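Taken together, the values in this text are just the output of simple stated rules run on the coordinates, not laboratory data. Bear in mind that the values here come from a model prediction, so they are computed numbers and not experimental data. Cβ: placed from backbone, ideal geometry, glycine included. Neighbour counts: every protein chain shown.
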Amino acid sequence: MHILYIHQYFKTPEEGGAIRSYYLAKGLVEAGHKVTMLTSHNELTYKKMLVDGIYVHYLPVPYAQNFSKWKRIQAFLWFVWYACTKAPLFKQADRVYATSTPLTVGLIALYYRWRFGIPYLFEVRDLWPEAPIQMGIFRNRWLQRFLRRKEKQIYRKAQALVALSPEIERHIRRIVPHKPLYLIPNMADCQFFRKAERNIYHEVQFGVENKFVVTYFGAIGTVNHLDYLLNVAEACQQKGLSEVQFLIAGQGSELPLLKKSAEAREISNISFIDHQNKYGLLSLLNVTDAVYISFADYPVLQSGSPNKFFDALAAGKMCITNTAGWVAQLIEDNHCGFYSPPRQPEKFVAQLAPFVTERTLLETCQSNARSLAEREFAKEKQIEILKSALEPTRQPAKVMAYTSLV
């Protein structure tokens with residue numbers, strides 16, 4: 001089968017960032033399918049490459065996390081237009097697999113279906129347009145109604161839908177209750193990431209010798225609201241937890257403001273590290289005791305399936321989230337960390353302190369994290385579910401135990 005995979009922000013392990021689409025596409029290639037990836041890059045020309053068996057077409061549509069709202073929307077729409085102009089190159093595809101965000105990627109799938117009759121599956125990574133509406137980005141009621149109608153149209157016309165979390169699954173069910181729907185969260189690469197002893201070289205590299213390390217890695221934008229982590233670091237400093245060191249690794253629009261705020265507040269137990277690719281992240285996680293998962297305090301953001309959570313599980317790290325929802329429930333049910341309310345930094349200090357002083361508690365949490373990764377979220381299991389979605393005649397893949405949360 002020839003699968004046209006549309007993802008505006010496709011990344012490889014060498015680039016770092018969210019590499020879910022790389023895992024899934026490579027898994028499909030290994031299963032004998034031809035996979036063509038239609039994506040974008042920040043270069044000035046259209047380019048084609050063969051990446052680990054995936055035929056990748058890069059459209060010249062610049063995008064950066066620090067773009068303004070209108071510049072981002074322009075990039076979304078420009079990608080739609082450019083992808084549609086390239087449609088004749090891909091008319092022989094048997095299936096389109098389109099992944100959000102943004103929701104506008106679904107418009108490309110609709111166009112290919114209309115023009116060439118190619119059925120498509122639509123993967124819902126985040127709740128668009130619900131997330132930007134709740135966050136006040138789209139305030140116009142007519143625009144909100146239009147976007148919700150488009151969301152429903154994209155769902156209705158899809159051959160099947162893929163949700164990345166039980167909460168996204170529930171949202172889709174309310175809109176199109178009878179559409180075939182598969183739950184495929186982000187995945188844990190249990191071969192690449194492993195629970196390992198600390199390497200003294202990496203301790204020196206990141207300046208964390210004899211420290212209990214809490215790390216945030218990933219995008220640094222308004223949606224992540226890392227002011228919460230600054231508040232936590234400041235509370236630890238004030239409460240005398242001097243052995244705790246916080247690391248923030250990544251890039252994004254809020255990074256300069258965070259650095260300035262940390263300096264102005266004289267928060268000395270927090271360090272900022274450049275964006276890491278997958279191999280740099282492996283080194284960073286080697287010296288990390290706990291991973292902090294941060295989102296702004298909006299209900300819709302509880303539905304996400306954050307990559308960093310699954311990387312942390314695979315690496316056998318304690319997980320701390322400031323967001324209620326299915327991830328928090330998984331963490332607490334499996335005893336691999338804790339949920340800490342984002343506006344109560346003093347509570348975070350009280351929750352963290354026992355793990356700093358009692359190493360056996362930390363070790364138990366970390367072992368539980370690795371076990372959860374292997375049992376429920378190994379990437380091989382998620383790829384099997386995707387193959388079931390793309391090949392309806394296959395025996396359906398086994399449903400994961402955590403779907404009892406639905």
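Each residue, GLU30 and ARG145, gets one label point 7 Å from its Cα in the Cβ direction; the gap between the two is 4.9 nm. Paramagnetic label reach from ARG174 (point 7 Å along Cα→Cβ; backbone nitrogen cut-off under 12 Å): within segment 122-151, residues 130-131. Working from label points 7 Å from Cα in the Cα-to-Cβ sense, the ASP333 to LYS91 distance is 4.9 nm. Cross-linked pairs LYS26/LYS381; LYS48/LYS69; LYS26/LYS379; LYS48/LYS150; LYS278/LYS308: Cα-Cα separations exceed 19 Å for LYS48/LYS69; LYS48/LYS150.
Kindly identify segment 200-376 as rounded, prolate or oblate by the Cα gyration tensor criterion: order the square roots of the eigenvalues as a ≥ b ≥ c, call it rounded if a/c is under 1.5, otherwise compare a/b with b/c, prolate if a/b is larger, else oblate.
It comes out rounded by the Cα gyration axes.
Fully extending the segment from GLN344 to PHE192 would add 51.2 nm, taking 0.36 nm per residue of separation and subtracting the current Cα-Cα distance. Sites listed here are trypsin sites (Lys or Arg not before Pro) in segment 291-358 whose DSSP assignment is loop and whose Cβ has at most 10 other Cβ atoms within 10 Å: ARG343. Largest GNM mean-square fluctuation among GLU203, GLU266, GLU254, using the chain with Cα springs under 10 Å: GLU266. Say the dipole of segment 8-158 comes from +1 at the beta carbon of Lys and Arg and -1 at that of Asp and Glu; which of LEU89, GLY16, PHE116 then lies farthest toward its positive end? About the Cα centre, the residue reaching furthest to the positive side is PHE116. Taking amide H as placed 1.01 Å from N in the peptide plane, the amide H of ASP126 sits under 5 Å from that of THR101, each at least 5 places away or on another chain. Sparsely packed loop sites in segment 1-92 (the GluC sites (Glu not before Pro) outside DSSP H, G, I, E and B with at most 15 other Cβ atoms within 10 Å) comprise GLU14, GLU15, GLU43. The loop-placed GluC sites (Glu not before Pro) in segment 353-382, going by DSSP, that have at most 12 neighbouring Cβ atoms within 10 Å of their Cβ come out as GLU358. Calculated from the structure, Cα extents along the principal axes in Å equals which of [x] 85, 48, 42; [y] 57, 57, 47; [z] 64, 45, 40? Here Cα extents along the principal axes in Å agrees with entry [z].
A straight chain from THR357 to GLU203 at 0.36 nm per residue would run longer than the Cα-Cα distance by 53.5 nm. Rounded to the nearest 500, the helix-only mean residue ellipticity at 222 nm of the chain stands at -12500 deg cm²/dmol, with each DSSP H run of n ≥ 4 adding -39,500 (n - 2.57).
Here the chain carries DSSP beta bridges of which approximately 10% are antiparallel, counting only pairs with both residues inside. The mean sequence distance of close C-alpha pairs (under 8 Å, at least 6 residues apart), as a share of the length of segment 115-201, puts its relative contact order at 30 percent. Counting only other residues whose beta carbon sits under 14 Å from that of ILE220, what net charge do I get with K and R as +1, D and E as -1? Computed value for this residue: 0. Relative to the dominant Cα principal axis of the chain, helix 105-116 is inclined by about 20°.
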